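As structure tokens, the structure follows; a few thoughts come after it.
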Amino acid sequence: MASKLYSDDISLAVVVVDTNPFFWAGAALPFTDFFAQLIHYVNSLLLLNHLNHVVVIAAGLSSCTYIFDSSDASASGAADVAATFAKASRKMDEFIGEDAHATTSSGAVADSNAASLLSGALSLALCYIQRVFRSGTRHPQPRILCLQGSPDGPEQYVAVMNSIFSAQRSMVPIDSCIVGTQDSAFLQQASYITGGVYLKPQELSGLFQYLAAVFATDLHSRTFLRLPKTLGVDFRASCFCHKKTIDMGYVCSVCLSIFCKYHKKCSTCGSEFNRVMPDLNSMPDRQ
């Protein structure tokens, strides 16, 4: 990565959009209004620099896919930009319907606490960025913006953390904008580890103002600006056995897998432990 040449004011922004229907059914901001403000944000990024590159990825309950790629719009000409955005809206509607059908067909039981496929969307974003990296000698500054409303899915902990460390290694900041009522421990860690910005807007009706003022700036300009800082980060992990978020647990000394209960043998790497450890649930709370 140190040998790559970057253009300071040219950005490659990959936007991950949460399309969980269970979240948006009870959200304060209707999805249509949210998507309209997102399109205004994408358009503003493209207006800042004609060389900017924007990609939008939709993350549903069971799948994720590319919704918009500005390189397709630039190839068709500036006159077709409006038609391209209309096509993105149609693709979003089609994806939501297909994802709902896939969720129903798989027999998965989804409710209001269902999580969107954040790990898959981050993987798609990183793969796209790597493809751009290998296309030439000079590259735009890459970054990922996650617009998340659904709660975290503990079962995705390992995959999400792998994506976070991959982004850190590739020097790709992960910005996070929380449009739900709950903070995301996954995205707090992602923004903290990769050097991105974590923000939970107070007024969703003015979401575009937050996106334009905080997340539209390129990485070079951020060094001169005072951007929001995360006051606290939830570093709790999820156990590998039950996929639940825990405060205390057992860690394999070989592969660093985390378990909420003591096991004589690590289910990840197969290491055996002869020493009997105390039950953490029976230990008194420590201040």
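As a rough guide to protection, the peptides 23-29, 226-232, 250-256 ranked by mean Cβ packing within 10 Å, highest first, stand as 23-29, 250-256, 226-232. Pairs of Lys residues in the chain are counted when their Cα atoms are under 26 angstrom apart and they lie 8 or more places apart or on different chains; the count is 9. In degrees from 0 to 90, rounded to the nearest 10, what is the angle of the helix 157-169 Cα long axis to the longest principal axis of the chain? Approximately 60 degrees, to the nearest 10. A Förster distance of 35 Å, applied to the separation of the beta-carbon atoms of ASN162 and GLU203, puts the FRET efficiency at 0.50.
In the chain, the longest principal axis of the Cα atoms and the axis of helix 185-194 are about 70 degrees apart. Angle between the Cα long axis of helix 81-105 and the longest principal axis of the chain, 0 to 90 degrees, nearest 10? Compared with the principal axis, the helix lies near 30 degrees. Accessible surface ranking for PHE68, PHE165, 1.4 angstrom probe, highest first: PHE165, PHE68.
All other residues whose Cβ lies under 15 angstrom from that of CYS146 are scored, Lys and Arg at +1 and Asp and Glu at -1, for a net of -2. Peptides 90-97, 214-221 ordered by packing proxy, namely the average of other Cβ atoms within 10 Å per residue, highest first: 214-221, 90-97.
Computed over the chain, relative contact order equals 19 percent, with contacts defined as Cα pairs under 8 Å that lie 6+ residues apart. With each label point set 7 Å from Cα along the Cα-Cβ vector, what nm distance links ALA83 and LEU47? Between ALA83 and LEU47, the label points sit 2.2 nm apart. Cysteines of the chain lacking any other cysteine Cβ under 4.7 Å from their own Cβ: CYS64, CYS127, CYS146, CYS177, CYS241.
The amide H of PHE68, built 1.01 Å from its N in the peptide plane, has VAL56 as neighbours under 5 Å, considering only residues 5 or more places off or on other chains.
Using a probe radius of 1.4 angstrom, the carbon and sulfur fraction of the accessible surface of the chain is 54%.
FRET efficiency for the pair CYS255 and SER170, taken as 1/(1 + (r/R0)^6) with r the Cβ-Cβ distance and R0 = 30 Å, rounds to 0.80. In the context of the full set of protein chains, residues of the stretch 22-70 present 42 Å² of accessible surface per residue (probe radius 1.4 Å, heavy atoms only). Largest mean-square fluctuation among CYS177, CYS127, CYS269, in a Gaussian network model of the chain whose springs join Cα atoms under 10 Å apart, belongs to CYS269.
The values are calculated or read from the model by the stated rules, or taken from the named source; none is laboratory data. For clarity, every value in this text was computed on a predicted model and none was experimentally measured. Cβ coordinates were reconstructed from backbone atoms using ideal geometry, including for glycine residues, and neighbour counts include every protein chain displayed. Just the protein is used for accessible areas: all its heavy atoms, side chains included, with ligands, DNA and RNA removed. Shrake-Rupley method; radii C 1.70, N 1.55, O 1.52, S 1.80 Å.
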